[in-house]
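Notes follow the structure.
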Amino acid sequence: MEELSLDSLIAARLRQEREARGWTIADLAAASGVSRAMISKVERAEASPTAALLGRLSGAFHLTVSALLARAEAAGGPPRIARADGQPRWRDPDTGYRRRALSPPGAEPELVEVELPPGARVAYTAASFAFLRGQVAWVLSGRLVVEEGAGESRLEAGDCLAFDLDAPKGHAFRNPSKSKPCRYLVALSRR
């Protein structure tokens, strides 16, 4: 699927998730910390959401970003096989962060492949992780720094980190390289 068409699917899914809960845009703004104006723009597909913004919105719904994007892609019941050519891809317009949902929609655990451009940093609030039972990141190539509260873990290719999901300030993913992208696999499991 083309990356550009995903914005309208995300817009429709955000509106559907909000309305299914009986929430107004103001309710979602209060739950996520995202302004009503920005939510409105995203729901009308007038603004392309960043990874951080999707993290805040999906966290308010008690969904991972992957689950939200998978739901946006899914038209019917969840398939058991996610074919490589049909795996949803998304690019953060702010940082260039790219993600590909590897697992079929609704699968446990969720598997996501991420490519973080040189020098890029993507932060998520603690609410983005509040409903997870577990999360690990396995670096495929390059280097990755995972910030958890005041501490950080530096990972090289082949290293795997189990997250501290109780970090009160959330997490940030940073590529310390000035010239090489970092590719890593994330596995997420809900409570």
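The values are calculated or read from the model by the stated rules, or taken from the named source; none is laboratory data. Predicted model only: the values in this text are computed from it and were never measured. Cβ atoms come from the backbone with ideal geometry, glycine included; neighbour counts cover every protein chain shown.
Does region 120-136 include one or more residues that are modelled with pLDDT of 85 or more and more than 23 Å from Leu68 (Cα to Cα)? No, region 120-136 has no match at all. Report, by residue number, each residue of region 139-170 that is within 21 Å of Arg191 (Cβ to Cβ), part of a loop (DSSP other than H, G, I, E, B), touching a strand residue (DSSP E or B) at 6+ places or on another chain (Cβ under 7 Å) and among the acidic types (Asp, Glu). Across region 139-170, the qualifying residue is only Asp164. The set of residues from region 150-178 being over 17 Å from Phe129 (Cβ atoms) and in contact with a Leu (Cβ under 6 Å, 6 or more places away or on another chain) comprises Leu155, Asn175. Taken over region 20-73, the criterion of being under 22 Å from Leu132 (Cβ atoms), touching a helix residue (DSSP H, G or I) at 6+ places or on another chain (Cβ under 7 Å) and of a type in the set (Ser, Thr, Tyr) is satisfied by Ser32, Ser58, Thr64.
All of (1) of a type in the set (A, V, I, L, M, F, W, C); (2) in the same structural domain as Gly170 (by TED's automatic domain parsing); (3) assigned to a loop (DSSP other than H, G, I, E, B) hold for Val112 with one exception: (3).
Across region 168-191, the qualifying residues are those that are among the small types (Gly, Ala, Ser) and buried (at least 18 other Cβ atoms within 10 Å of the Cβ), and the one among them that is farthest from the chain's Cα centre (by Cα) is Gly170. Checking each residue in region 163-191 for being over 19 Å from Ala52 (Cα atoms) and either among the aromatic types (Phe, Trp, Tyr) or at pLDDT below 95 (or both) picks out Ser189, Arg190, Arg191.
Going by what's in this entry, would Ala47 be described as of a type in the set (A, V, I, L, M, F, W, C) and without any contact (Cβ under 8 Å) to a residue 12 or more places away in the chain? Judged against the criteria, Ala47 is a match. What about Glu152, is it surrounded by fewer than 18 Cβ atoms within 10 Å (Cβ to Cβ), at pLDDT below 95 and either in contact with a Gly (Cβ under 9 Å, 6 or more places away or on another chain) or not assigned by TED's automatic domain parsing to the domain that holds Ala120 (or both)? So Glu152 does not fit the description; no.
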